[in-house]
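The values are calculated or read from the model by the stated rules, or taken from the named source; none is laboratory data. These numbers were taken from a predicted model, which means no experiment stands behind them. Note that each Cβ is placed from the backbone with ideal geometry, even for glycine, and that neighbours are counted across all protein chains shown. Surface accessibility is based on the protein's heavy atoms, side chains included, excluding ligands, DNA and RNA. Shrake-Rupley method; radii C 1.70, N 1.55, O 1.52, S 1.80 Å.
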Amino acid sequence: MTPSPVRDAAETDRPPPTGSRPRFPGVGLGAAALLLASIGAAITLGPADVSLVNVRDVLFNHLGGAEIPVRVSKEAIVWDDRLPRALVAAACGAGLGLCGVVLQSLLRNPLADPYVLGISSGASTGAVVVGILGVGGAALGIPGGAFIGSVLAFAVVLLIARLAGGGDDKVILAGIAVTQLFSALTSFVIFAFADSDATRGVMFWLLGSLEGMRWNDVWLCGAAVAAGTMFCLFRAPVLDAFAFGDDVASSLGVSVRRSRVMFMTVTALLTATLVSICGAIGFVGLVLPHAARFLVGPLHVRLVPVTALIGAAFMVWVDAVSRVAFSPSPLPVGVGTALVGVPMFIAIMFRRRRAA
Amino acid sequence: MTLQTREVTWNRGGRLVVDGVTLRPRQGETIGLLGPNGSGKSSLIRLLSGAVKPSAGVVTLDDRSLTAVARREAARAIATVTQHADTVVDITVRDIVALGRIPHRGVFGGDRRSDAAAVSDALARTGLADKAAELWHRLSGGERQRVHIARALAQEPRELLLDEPTNHLDIRYQLELLQLITELPVTSVVALHDLNLAGMYCDSLLVLKDGRAVAAGAPAEVLTPDLIAHVYEVDAAVAVDEGTGRPTIAFSPPGRRASAGR
C-alpha cells in the first residue's frame, strides 16, 4: 500500500507476464513426447512375437502409405488389436483426468472426481440392468445401458442437491448418497438375478476393461475427449475464477450458474461416454490432476492440457502392464489404476506437504 | 454517477436483509457503510456487486439495470472484495492478483503486456511486490486481505466494493489501505466497523439498521451521539475537528454516562 515507487519495484522480482511457473512449455512437450513413446511401447509389448521392426513396418504401411510386407497375423495384432486399445486407453486417461480437473475446480474440493457425482455407479447399474436383466437387450447393449444409467444418476444427484438447497457441499453429499444407492442396486441385481456366466461378463466391465477395443471405439472416445478438452481450454480462466468461490467468480465476470451447468454437463457426458465403453475405471480422475498441478501449478490454461497428456500416458502404461504382466488372463485395468494410483496419490500428498 | 441503487430490497428466506435502500454515490467519492452486525452491509454489497438479484427495486450501472448487464462487462467496471474468500488451491500471490485480469482478457490471453503491468502495479500499491511468489496458504490473515485488494485493483475498476477490508489488518495497514482507497480515482463503497476510520476517511456515510437506511450524509453530520446510541446501543462522545471537519468518537464503557461532546 505504499503508493509511490510503483512499477520498478515489482518488475525486478519475476519475469513477466502473469505466470508463476515458467516450466510449462517444457513440461507440456515432455508430456506429449511421453505419451507418444508410451503408445509406441504399448503396441510393441505383448505375449505375441511381434518385434519393434514389425511395429514400425505396420505403422509405415498404414500411416505413411508404404508397402512393406508384414505377416497378416502380426499386422492384425498391432493395427487391429493393440493400437486401438492403446488409443482408447489414452483417450480414457485424458478424459477422466480432465473431468477430475473440472470437478475439483467447480466443487472446490481436491477429492472430487468424476465418480463423486454418481456417474460410474449409475453406469454400473445401467450395465447390469441390460446385461443381466436383459432390459433393452441387444438394441441397447451394455454400453448403451451404462450411458443411460450414468446420465440418470447424475441427474438424480443434481436434483437432490438442488432440493437440499444447492451448494458445492450438497452436490458432493448427494453424489455420495447416490453412489451408495446405485452400488447397492447393482449388487442386488447381480445377486438376485445373475447366473455365474452373466456375472463374469458384467464383472469384467464393472472393474474397467479395455479388452477388445476396436477403431470405432477409438473414434467415439477420441471425439468426446477432443471436444471436452477444447471446451475446457477455451474456458480455462473460468475454472481459475472459481478458486475463491462463487461470489469472487461472479465479481470476475463469470456467469456462475450458467458456467456451472455447462461444465457439469460436459463432464457428465464425457464420463458417461468413456465409462460406457471402458467400464468404471477409478482413481485416474482423482490422482492425475494433482500430479499435473504438482508439475505446472494451478492455472487451468496449463493444467488442462498437461493433465490430459499425463492422464493419457498413465493409462496407456497401466493398461499395457495389466495386459502383459498377467497374461493370459489380464488384470482389469481399473484394478491396475487403483493399485498404482493410491500410492501415487499418497506420495503427492507428502511431497506437497514438504514443499509447503 | 454510474453504480446506484433505487429502493433496493432483498428478501432472503422471508427476511428483509436489505429493505428499500437508495444509494447514489458521486463519482470518485468514498462511501462508508456503517451498522451493527446483521444490519445488511454485506448484503447491500452483494446486491451492488450483482452476485445476487434484488427482490424489489433496482441496482443500476450507467442507468442500466445491473441484471441486464453481461457479467463480464460488469466485472470490467466493478471490483468486489468480499469477506472470508478462501481457497484450497496452492496458488501464488501473483496468480491470484492476475485473476483480476480475467474480465479484460480475450479467449486466450488478450493483451499480456497491460495485464502484467496492471498486476505489478496492484502488487506494488498493496505492498506485496516482494510476496509475489508466495503461496496463499502461507500468508497471514492481513496479507490475504491485501492480496484480495490487489486482485480487485488489477481489475482496474471504476467502482470498488469492499466488505470490511480492514479486518485482520494491523492499524498501520488499516490506515494505509483507506488512504489508498480514498486516493484512487474510483468510486468506493466500503463496509466498515470502525466508526473512527469511517469518520477519518469517508466522504459520506450510509448507516444501516435492520436492513434500512437510518442516516446518510457527511461524517460529521451523521456520526452524532444520538445516532450512535440509536444504532449501536452504546454511549459515545463525538468531537469534530475544526480544521478538517472530521469527527472523532470516544466510547463510554456500558453503564456510565458519556460526559462530553453532546
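Using alpha carbon centroids, what distance separates the stretch A:104-126 and the stretch A:194-219, in Å?
Distance between centres, Cα-based: 21 Å.
Give me the one-decimal nm value for the distance between modelled label points at residue A:262 and residue B:214, 7 Å along each residue's Cα-to-Cβ direction.
In this crude label model, residue A:262 to residue B:214 measures out at 4.5 nm.
Give the distance, in whole Å, between the Cα centre of the stretch B:141-196 and the Cα centre of the stretch B:120-136.
Centre-to-centre (Cα) distance: 15 Å.
Treating only the Cα positions of chain A as identical point scatterers, give the base-10 log of I(q)/I(0) from the Debye formula at each q in 0.14 Å⁻¹.
Cα-only, vacuum Debye calculation for chain A: -1.17.
Beta carbons within 10 angstrom, averaged per residue: use that to sort the peptides A:322-332, B:192-202, highest first.
Those peptides, ordered most packed to least, come out B:192-202, A:322-332.
What number, in percent, do you get for the relative contact order of chain B if the mean sequence gap of Cα pairs under 8 Å and at least 6 apart is divided by its residue count?
Relative contact order here is 23 percent.
Determine the shielding of peptide B:93-105 by partner chains: average, over its residues, the number of Cβ atoms on other chains within 10 angstrom of each Cβ.
Partner Cβ neighbours, averaged per residue: 5.
Once ligands and nucleic acids are excluded and a 1.4 Å probe is used, how much of residue B:156 is accessible, expressed in Å² to the nearest 10?
Near enough 100 Å² of accessible area.
Per DSSP H run of n ≥ 4, the term is -39500 (n - 2.57); total these for chain A, divide by its residue number, and report the mean residue ellipticity at 222 nm rounded to 500 deg cm²/dmol.
That comes out to -24500 deg cm²/dmol.
Within chain B, what whole-number % of the accessible surface is contributed by carbon and sulfur, with the 1.4 Å probe and all protein chains included in the calculation? Before the final figure, lay out the partial values.
Values: 5210 of 10970 Å².
Solvent-exposed carbon and sulfur of chain B make up 47 percent of the total.
Buried by at least 10 Å² relative to the chain on its own: which residues of the stretch B:52-84 qualify, computing accessible area with a 1.4 Å probe on protein heavy atoms?
Those are B:71, B:72, B:75, B:80, B:82, which lose 10 Å² or more relative to the chain on its own.
Considering only DSSP beta bridges whose two residues both sit in the stretch B:3-223, what percent are antiparallel, to the nearest 5? Mind dumping the intermediate values first?
On the way: 18 of 35 bridges.
If I count the DSSP bridges inside the stretch B:3-223, around 50 percent turn out antiparallel.
Along the Cα-to-C-beta direction of residue A:49, a point sits 7 Å from the Cα; which residues of the stretch A:69-83 have their amide N less than 19 Å from that point?
Counting backbone N atoms under 19 Å from the label point, the list is A:69-79.
Which parts of the stretch B:128-159 would a label at residue B:2 reach, counting a residue when its backbone N lies under 11 Å from a point 7 Å out along Cα-to-Cβ?
Those under the cut-off are B:156-159.
Over 38 Å apart: what share of the alpha carbon pairs of the protein assembly as shown falls there, rounded to a whole percent?
Values: 83527 of 190653 pairs.
So the portion of pairs separated by more than 38 Å is 44 percent.
Could the peptides B:89-97, A:76-84, B:75-83 be put in order, highest first, of the mean number of other beta-carbon atoms found within 10 Å of their residues?
B:89-97, B:75-83, A:76-84
Straight-line reach from residue B:131: which aspartates and glutamates have Cα under 14 Å away, leaving out those fewer than 8 places along the same chain?
Here the aspartates and glutamates satisfying the reach criterion relative to residue B:131 are A:11, A:13, B:95, B:121, B:143.
Taking 7 Å along the Cα-to-C-beta vector as the label spot, tell me the residue A:37-residue A:163 distance in nanometres, rounded to one decimal.
In this crude label model, residue A:37 to residue A:163 measures out at 5.3 nm.
Buried accessible area between A and B (1.4 Å probe, both chains summed, ligands and nucleic acids excluded), in Å² to the nearest 100?
Working: alone 17520 and 12820 Å², together 26430 Å².
Heavy-atom accessible area buried at this interface is about 3900 Å².
By a straight-distance test (C-alpha under 27 Å), which lysines pair with residue B:53 as possible cross-link partners, with residues fewer than eight away in the same chain excluded?
A:170, B:41, B:209
Could you order the peptides B:209-216, A:120-127, A:212-219 from most to least packed, using the average number of other C-beta atoms within 10 Å per residue?
Averaged packing, sorted descending, gives the order A:120-127, B:209-216, A:212-219.
As I understand it, the dipole of the stretch B:90-247 uses +1 on the Cβ of Lys and Arg and -1 on the Cβ of Asp and Glu, about the Cα centre. Which of B:150, B:204, B:167 lies farthest toward its positive end?
Comparing the listed Cα positions along the dipole, B:150 ranks first.
For a quick check, take a GNM of chain A with Cα springs below 10 Å and name the residue from A:50, A:151, A:284 with the largest mean-square fluctuation.
Looking only at A:50, A:151, A:284, the biggest GNM fluctuation is shown by A:50.
Starting from the Cα of residue B:56, step 7 Å toward the Cβ, then list every residue of the stretch B:208-238 with an amide N under 16 Å from that point.
Flagged as within label range: B:211-213.
Counting heavy atoms of the protein chains only and a 1.4 Å probe, report the per residue accessible area for chain A as a whole number of Å². Numbers along the way, then the final one.
Values: 15460 Å² over 356 residues.
Each residue of chain A exposes 43 Å² on average to a 1.4 Å probe.
Can you work out the FRET efficiency for the pair residue A:109 and residue A:211, with r the C-beta to C-beta distance and R0 = 35 Å, to the nearest 0.05?
Values: r = 33 Å, r/R0 = 0.95.
The value I calculate is 0.55.
Tell me the per residue accessible area of the stretch B:34-164 using a 1.4 Å probe; a whole number in Å² is fine.
34 Å²
At what distance in nm do the modelled label points of residue B:241 and residue B:11 sit from each other, each positioned 7 Å from its Cα along Cα→Cβ?
In this crude label model, residue B:241 to residue B:11 measures out at 4.6 nm.
Based on the Cβ-Cβ distance from residue B:171 to residue B:86, what FRET efficiency comes out when R0 is 25 Å, to the nearest 0.05?
0.55
Express the carbon and sulfur contribution to the solvent-accessible surface of the stretch A:280-353 as a percent, rounded to the nearest whole number, probe 1.4 angstrom.
77 percent
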